[in-house]
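First the structure, in the form of structure tokens, and then the observations on it.
The values are calculated or read from the model by the stated rules, or taken from the named source; none is laboratory data. Everything numeric here is computed off the predicted structure, so don't read it as measured data. Every residue, glycine among them, receives a Cβ derived from its backbone with ideal geometry; neighbour counts consider all protein chains shown.
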Amino acid sequence: MNESPQHPVIVGVAPGQPPHVVEQAAYFASQFGAELVCVFVNQARLPVAEGADGSVTSLSIDPDSSESAEELFDAKLAAGLERVLRDTGVQWRTLVLAGEVSAALARLAERLDAAMIVVGTHDRSVGGSIQEFFNRSVATHLAHRQVRPVVVIPAHTPGLESPLPWQQ
């Protein structure tokens with residue numbers, strides 16, 4: 001594994017996401033000899049400060065919230081990533097960001113000088129279609145605002161219909 005990769009691969013992760021999105025991102029990272037940064041973006045929080053390593057301090061958008069300004073990566077999501085990535089040989093880490101997903105991923109990619117950003121498509125369910133209609137696609141936003149490659153992995157690939165290990 002690399003000690004200090006210069007151009008990491010960033011992958012957006014979320015509960016319920018098919019594992020092949022992260023697996024494909026890990027494949028790209030291994031081909032580049034790069035670190036894989038698995039990023040969850042909490043849209044219910046606003047970023048207030050960013051660290052050089054990509055970490056973010058955030059506040060809840062709810063002014064009455066008593067939540068801490070620092071958010072931890074979901075343990076169940078991290079355990080699932082560990083199962084998916086353990087045998088890849090890829091150096092990886094997790095980050096929690098805040099705000100609008102495509103803007104947060106783009107800021108991180110710029111800060112870390114990422115080789116690429118990998119995202120999955122939305123589920124083709126009715127709920128997924130409505131969500132995509134109102135929020136527009138993260139991939140579309142990134143493609144229009146980003147100078148580095150954006151790789152979009154389909155949510156459903158024939159033969160890869162299994163849920164994430166932590167969803168079983």
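Table for the structure above
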item: Number of the condition not met by Pro158 [criteria: (1) at pLDDT below 85; (2) buried (at least 16 other Cβ atoms within 10 Å of the Cβ); (3) not in a helix (DSSP H, G or I)]; result: (2)
item: For Arg86: the one exception among (1) within 20 Å of Gln17 (Cα to Cα); (2) at pLDDT 90 or above; (3) surrounded by 15 or more Cβ atoms within 10 Å (Cβ to Cβ); result: (3)
item: Inter-residue pairs, beta-carbon under 6 Å, first over 29 Å from Arg86 (Cβ atoms) and in region 33-53, second part of a loop (DSSP other than H, G, I, E, B) and not hydrophobic (A, V, I, L, M, F, W, C), 6+ apart; result: Leu46/Gly99; Pro47/Gly99
item: Neighbours by Cβ (under 6 Å, 6+ apart or cross-chain): first from region 72-99, under 17 Å from Leu112 (Cα atoms); second surrounded by 19 or more Cβ atoms within 10 Å (Cβ to Cβ) and among the aromatic types (Phe, Trp, Tyr); result: Val96/Phe40
item: Filter result (touching a strand residue (DSSP E or B) at 6+ places or on another chain (Cβ under 9 Å) and surrounded by fewer than 17 Cβ atoms within 10 Å (Cβ to Cβ)) within region 13-22; result: Ala14, Pro15
item: Selection status of Gly80, in contact with a Phe, Trp or Tyr (Cβ under 7 Å, 6 or more places away or on another chain) and crowded, with 16+ Cβ neighbours inside 10 Å; result: yes
item: Selection within region 97-115 - touching a strand residue (DSSP E or B) at 6+ places or on another chain (Cβ under 7 Å) and either within 19 Å of Gln17 (Cα to Cα) or assigned to a loop (DSSP other than H, G, I, E, B) (or both); result: Leu97, Ala98, Gly99, Val101, Ala104, Leu105, Ala114, Ala115
item: Residue satisfying condition, being among the small types (Gly, Ala, Ser), at pLDDT 80 or above and loosely packed, with under 12 Cβ neighbours inside 10 Å, within set Ala44, Ala75; result: Ala75
item: Qualifying position, being among the basic types (Lys, Arg), under 20 Å from Pro15 (Cα atoms) and either at pLDDT below 90 or in a loop (DSSP other than H, G, I, E, B) (or both), among Arg93, Arg124; result: Arg124
